[in-house]
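Contents: one structure, followed by commentary.
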Amino acid sequence: MALALYRKYRPATFAEVVGQEHVTEPLRTALAAGRINHAYLFSGPRGCGKTSSARIMARSLNCVEGPTPDPCGKCNSCLALAPEGPGSVDVTELDAASHGGVDDARELRDKAFYAPAESRYRVFIIDEAHMVTTQGFNALLKIVEEPPEHLIFIFATTEPDKVLTTIRSRTHHYPFRLIPPSSMRELLERNVAAEGAEVEPAVYPLVIRAGGGSARDTQSVLDQLLAGAGPDGVRSRCSASPTSRSSTTWSTRCRPRIPPSCSPPWRSWPRRATTRAASPPTCSTGCVTSC
Ligand SMILES: Nc1ncnc2c1ncn2[C@@H]1O[C@H](COP(=O)(O)OP(=O)(O)OP(=O)(O)O)[C@@H](O)[C@H]1O
Ligand SMILES: [Mg+2]
Ligand SMILES: [Zn+2]
């Protein structure tokens, strides 16, 4: 089975994270200057790069040439922490959605005092941090307030308000945003080129709109279109006369119509942050109806 585009093209450095320059630039500057904090909070809407950036931060901190905004990609730590790498004993990721209870938090806390085995820092990534229970946060409180020198926490969440205030106040908070269309297009064009696929330019705005500013959702829409694309790639509409394909299938399935997902204008994105993206109407031969 093919790996989904959004997993295949997970960014490995801050330079590859698109549309979040207001976050990645200050982080890069801090890394370059060696100004490292003990706790970070990455917040923002779904699928816009929080978890990826938490992993990139760990990779940037623990590169042998680091802390650096541009991890070398060759050292043991960089290889271990690459998107498809095996992971490092010094970087622990806790998925609070399934492990947010007090026992999990205590287990993590007990690990915190050990020095890193082979890296500069021990990094705890608490993903979906809004799912940590109050008791769980309380178990972590002391260690976040007075962490050992070698320990760095990175909390990632869509709901920063649900992170215990006393913990949140110890973090440097980086709010991620929905990705603007121009950055999203850059990302999609890169994916399409890497896939060696053909996509008609008019298709991009439709895919981007359907993705609602989330890179993951947008890449999923593109994935679906590429999966159904014919030999001449993904086209914007099916009104072009079919030559080698069955014209009956085309005329019934590909009639252009106004998809409901196309109506909200870009400026409404922030209010749509929590709604799920809708796919543009497609047909089995990889075309998209325009609106
Ligand atoms: N800013 C971005 N630049 C490039 N790719 C991105 C970006 N944001 C997300 N992606 C893509 O989407 C996938 C999911 O991103 P990630 O897991 O970092 O999102 P998230 O913000 O943690 O979402 P969630 O809130 O659902 O956990 C990545 O593997 C990557 O392919
Ligand atoms: Mg995430
Ligand atoms: Zn390295």
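Some observations on this one:
- For the stretch 63-191, the solvent-accessible area works out to 50 Å² per residue, with a probe of 1.4 Å and every protein chain left in place.
- With the whole protein complex present, Arg216 retains an accessible surface near 90 Å², based on a 1.4 Å probe.
- The stretch 93-174, accessible surface, carbon-and-sulfur percent (1.4 angstrom probe): 46 percent
- Summarising the amide proton neighbourhood of Phe155: residues at separation of 5 or more, or on other chains, whose placed amide H is nearer than 5 Å comprise Tyr40, Leu41, Phe42, Ile126.
- Taking θ as phi - 60° and the Karplus parameters 6.51, -1.76 and 1.60, the scalar couplings of the stretch 200-216 work out to 5, x, 5, 6, 3, x, 5, 5, 5, 5, 5, x, x, x, 9, 5, 4 Hz in sequence order, x denoting glycine and proline.
- By the rule of a C-alpha distance below 29 Å, with chain neighbours fewer than 8 residues away ignored, the lysines paired with Lys111 are Lys50, Lys74, Lys142, Lys162.
- Counting only heavy atoms of the protein chains and using a 1.4 Å probe, Asp161 has close to 130 Å² of accessible surface.
- Probe 1.4 Å, all protein chains present, accessible-area order of Met1, Met57, largest first: Met1, Met57
- Loop-resident sites, the stretch 4-42, for trypsin sites (Lys or Arg not before Pro), counting at most 14 other Cβ within 10 Å (DSSP): Arg35
- In terms of the mean number of neighbouring beta-carbon atoms within 10 Å, the peptides 133-144, 219-230 order highest first as 219-230, 133-144.
- Calculated diffusion of the stretch 5-175, Stokes-Einstein form, Kirkwood radius summed over Cα pairs, 25 °C and 0.890 mPa s, µm²/s: 155 µm²/s
- Given R0 = 30 Å, the distance between the Cβ atoms of Asp103 and Asn76 translates into a calculated FRET efficiency of 0.40.
- Shown in residue order for the stretch 225-232 are the 3J(HN,Hα) couplings computed by the Karplus curve 6.51 cos²θ - 1.76 cosθ + 1.60 at θ = phi - 60°: 5, 5, 4, x, 6, x, x, 9 Hz (x for Gly and Pro).
The values are calculated or read from the model by the stated rules, or taken from the named source; none is laboratory data. Since the structure is predicted, the reported quantities are computational estimates derived from the model, not experimental observations. Note: ideal-geometry Cβ built from the backbone for every residue, glycine included; neighbour counts use all protein chains shown. Only protein heavy atoms, including side chains, enter the accessible area calculation; ligands, DNA and RNA are left aside. Shrake-Rupley method; radii C 1.70, N 1.55, O 1.52, S 1.80 Å.
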